[in-house]
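S.K.: Encoded as structure tokens, here's the structure I'll be asking about.
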Amino acid sequence: MYLPQCCSVSPNGRLLMDGLDVADIAREYGTPLYLMSEESIVSACRLFTDTLKAAYPGQSVTAYASKALSCKYILSLARREGLWADVVSGGELYTALAAGFDPRNIIYHGNNKTEGELTYALASGVGYFVADSTRELYLLDELSGKAGARPDVALRLKPGIEAHTHEYVQTGKIDSKFGIPMETDEALRAAEIAAGMKNISLAGLHCHIGSQIFISEPFVCAAQTLLRFAGQTGLPLRDVNIGGGFGIRYTDSQTPEDISAMLAAAANAVVLAAGEQGLPLPRLMCEPGRSVVGPAGITLYTVGGVKHIPGVRTYVSVDGGMTDNIRHALYGAEYTAALAERMREPPDAAVTIAGRACESGDLIGTNMPLANAKPGDILAIFATGAYNYSMASNYNRVPRPPIVVARGGRAEAVVRRETYEDLTRCDL
Ligand SMILES: Cc1ncc(COP(=O)(O)O)c(C=O)c1O
């Protein structure tokens, strides 16, 4: 069974995270509960910064894509590890600033940033924006002028590369709401327009080609495409940002390449392509989210009802579900499940793990091998550190779970559980 690196099993079959008994923590803090390994997050941050330092002869920046998990604790940790922050909303920006980020190390993204958000970001001193359209360039120039600022701006390009797990296609034309099209001359025009603007400084090029990418090739292709485009513009572009999307493992059957191998291949491609284009080495930037926090997290639930429908399926119901993990309901994401106190028991059946929300689609997964689950068991779902808490909701007026972190041999809450009072806080 797939177990993330931060987890192990004690001789008596109990699940441990960094040596701590996971079921004991679940009983102390209650369920549902997000439990995270600080060591795992720190080593993921260092994997990016160390790989870039070793594999890339120019300057490099790793920005943590905070959409994967945004809270003060995670952002402070990423900041202390020397990462920048990538934010896509006023709320993510607010959290990054509250976590002590220097606004000059914050990259503001988004395909439809509002005027209010841009004004807030400029007033906060955010030093770097990624523009998603020509319209946004004009807006940024105008608002920067009003704010007396001159931020760096990179163009988010749509390079016509569609990357999925083990494959990618170079269509030259993709249907996406993100990015400035390269298949027409719009991207070249945008670069010229941006370079001529008074209140912004055209700093570079950006793309993000997908998520859960398991192989190097799409990153290599993206790097080559951006460098070729930089050569075509004839403009002095300092930065090349290859985005995020580095894939992680959720189940036994998934076999992503090592992240360091994917990153090193992309870095090498930038060096070669810059040489081919006769360009100086750009500053190489990347924006991992999932791969920084995903493997570090597990979600713990208490099993409630177990319903056998002979010849059909067995439902194991838990006290959370789509309100804390919507990824299966949203796009069929797969996970690995285990009973935290009976890790050495072999799977009894392939079950469907059902949430508590009033939606038939509220499932954590189907066909999940699991030992014989009984009411009261603590059930663990692995690799839930990314896009779980950040996508959580209060559907059915269910309070969001806390985040507890294993660090220095003890468990500590870094986000508290929501209360019923929290749920009515905004009701007038
Ligand atoms: C622009 C951009 N950068 C970075 C990321 C992070 O991707 P991942 O969490 O797959 O690393 C995303 C994810 O949607 C993104 O849109």
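The numbers here are math on the coordinates, done by the rules we state, and not lab data. Predicted model, so just to flag it, every value in this text is computed and none were measured. Positions of Cβ are generated from backbone atoms using ideal geometry, with glycine treated the same way; all protein chains shown enter the neighbour counts.
S.K.: Share of Cα-Cα pairs in the range 279-428 beyond 24 Å, in percent?
M.R.: 39 percent
S.K.: Return a whole-number percent for the relative contact order of the chain, with Cα pairs under 8 Å and 6 or more residues apart as the contact set.
M.R.: Rounded, it is 19 percent for the chain.
S.K.: State the Kirkwood hydrodynamic radius of the range 357-400 in Å, one decimal place, computed from all pairs of distinct Cα atoms.
M.R.: That comes to 13.0 Å for the range 357-400.
S.K.: Filter the trypsin sites (Lys or Arg not before Pro) in the range 300-350 to those in DSSP coil with at most 13 other Cβ atoms within 10 Å of their Cβ, and list the result.
M.R.: Taking the range 300-350 and a limit of 13 other Cβ atoms within 10 Å, the loop trypsin sites (Lys or Arg not before Pro) found are 344.
S.K.: Going by alpha carbons, how many degrees (0 to 90, nearest 10) lie between the helix axis of 259-277 and the longest principal axis of the chain?
M.R.: Taking Cα atoms only, the helix is inclined about 10 degrees.
S.K.: Along the charge dipole of the range 81-203, which of 85, 179, 191 sits closest to the positive end, that is, farthest toward it, with unit charges on the beta carbon of Lys, Arg, Asp and Glu (+1, +1, -1, -1)?
M.R.: Looking along the dipole axis, the top candidate is 191.
S.K.: Another one. For the range 37-82, what is the Kirkwood estimate of the hydrodynamic radius, computed as the reciprocal of the mean inverse distance between distinct Cα atoms, to one decimal in Å?
M.R.: Averaging 1/r across every pair of different Cα atoms and inverting gives 11.3 Å.
S.K.: Relative to the Cα centre, what is the charge dipole magnitude of the chain, using +1 at the beta carbon of each Lys and Arg, -1 at the beta carbon of each Asp and Glu, and rounding to the nearest 20 debye?
M.R.: Roughly 420 debye, rounded to the nearest 20.
S.K.: Another one. Rg to Rh for the range 207-347: what is it, with Cα atoms only and Rh by Kirkwood?
M.R.: Here the Rg-to-Rh quotient is 1.16.
S.K.: For the chain, state the average projected area of the convex hull of the C-alpha atoms over all orientations, rounded to one decimal in nm².
M.R.: Across all orientations, the chain yields a mean hull projection of 21.6 nm².
S.K.: One quarter of the convex hull surface, Cα atoms only: what value does that give for the range 38-293 in nm²?
M.R.: 12.5 nm²
S.K.: In whole Å, how far is the Cα centre of the range 223-271 from that of the range 380-415?
M.R.: Result: 30 Å between the Cα centres.
S.K.: Can you compute the modelled spin-label distance between residue 112 and residue 28, with each label point 7 Å from Cα toward Cβ, in nm?
M.R.: Simple spin-label model gives 4.5 nm for this pair.
S.K.: When all C-alpha to C-alpha distances in the range 319-385 are sorted into bins of 10 Å, what percent of pairs does each bin hold, rounded to whole numbers?
M.R.: So the P(r) values, bin by bin, are 21, 55, 23, 1.
S.K.: Taking the alpha carbon gyration tensor of the range 86-229, what are the square roots of 5 times its eigenvalues, largest first, to the nearest whole Å?
M.R.: Three semi-axes, in Å: 27, 18, 12.
S.K.: Could I ask something else about it? Hey, what do the phi angles of the range 56-65 turn into as Karplus ³J(HN,Hα) couplings, whole Hz, using 6.51/-1.76/1.60 and θ = phi - 60°, x for Gly and Pro?
M.R.: Karplus-based 3J(HN,Hα) across the range 56-65 equals 10, x, x, 6, 8, 9, 10, 10, 7, 6 Hz.
S.K.: On a straight-distance basis, which lysines could pair with residue 67 in a cross-link, Cα separation under 17 angstrom, same-chain partners fewer than 8 positions away excluded?
M.R.: 113
S.K.: Per Stokes-Einstein, at 37 °C and 0.692 mPa s, what whole-number D in µm² s⁻¹ belongs to the range 140-192, with the Kirkwood radius over Cα pairs as the hydrodynamic radius?
M.R.: It comes out at roughly 251 µm²/s.
S.K.: Would you mind checking the range 26-48 for residues with the amide N under 20 Å from a putative spin-label position 7 Å along Cα→C-beta of residue 413?
M.R.: Under cut-off, by backbone N: 26-38.
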